[in-house]
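As structure tokens, the structure follows; a few thoughts come after it.
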Amino acid sequence: MRPRAALALVASAGAFSGVLAAAQAADAPAPAHPQGGATFQANCAVCHGPAGAGVPALAPPLVSYPAHYAASIEGRRQLAMTVLYGLFGDIVVEDKHYDFRMPDFARLDDVALAATLNFIVFDLGHAPANVKPIEPAEIAAERVHVLDGAAVREHRKSVSP
């Protein structure tokens, strides 16, 4: 492992353990998807914040829409496409505009991406119990349809609340 990557991994693990400690201190339950939480902290928290609350003028919050998306087939496809191919252009989340460029994470395997989405949907978004976890096979099914971030944004229009 390269020194820079090792430092990022150590920093990410430290950030994630800080989030876990804060959750435990507040008597919150431990994350149901800790592996996804670690991947989230290493790849997503820098823009979306360690608790997924978003960063004004940079990246939207992830605490409501992903849980909504996970309840429908097209929404689940949107989640998979977003992590695989990124998303760019103007979107509205909770009545706020974000014009950003989310990178793709296709370099991560289907298991890691599914775990990360499950962390976002269930641990951050508190999806209802009737929403089933995202499976690696759902990520794999979208991986064969290569898109760019603009196409992902266009698909999002059909599933946004």
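What follows draws every value from the coordinates through simple rules; no lab data is involved. Everything numeric here is computed off the predicted structure, so don't read it as measured data. In this analysis, Cβ positions are derived from the backbone assuming ideal geometry, glycine residues included, and neighbour counts consider all displayed protein chains.
Listing for the model above:
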quantity: Efficiency of FRET between V46 and V146 - r from beta-carbon atoms, R0 22 angstrom, step 0.05; calculated: 0.30
quantity: Long-range amide H partners of L87 with built H, under 5 Å; calculated: M102
quantity: Other-chain or far-sequence residues with amide H under 5 Å of E135's (modelled H); calculated: none
quantity: Loop trypsin sites (Lys or Arg not before Pro), segment 60-109, which have at most 15 other Cβ atoms in a 10 Å radius of their Cβ (DSSP); calculated: R107
quantity: Label-point separation in nm, D109 to V92, each point 7 Å along Cα→Cβ; calculated: 4.1 nm
quantity: Note, ³J(HN,Hα) from phi for segment 131-142, Karplus 6.51, -1.76, 1.60, rounded to Hz, x at Gly and Pro; calculated: 7, 8, x, 6, 9, x, 4, 5, 5, 4, 4, 7
quantity: Volume of the Cα convex hull of segment 18-137, divided per residue and given in Å³; calculated: 104 Å³
quantity: Amide proton proximity set for V93, modelled H, under 5 Å, gap of 5+; calculated: Y98
quantity: Order of H97, H155 - criterion: other Cβ atoms within 10 Å of each residue's Cβ, fewest first; calculated: H97, H155
quantity: From phi via Karplus (6.51, -1.76, 1.60), per-residue ³J(HN,Hα) for segment 76-91 in Hz, x at Gly/Pro; calculated: 5, 4, 4, 4, 4, 4, 5, 6, 6, 10, x, 7, 9, x, 6, 9
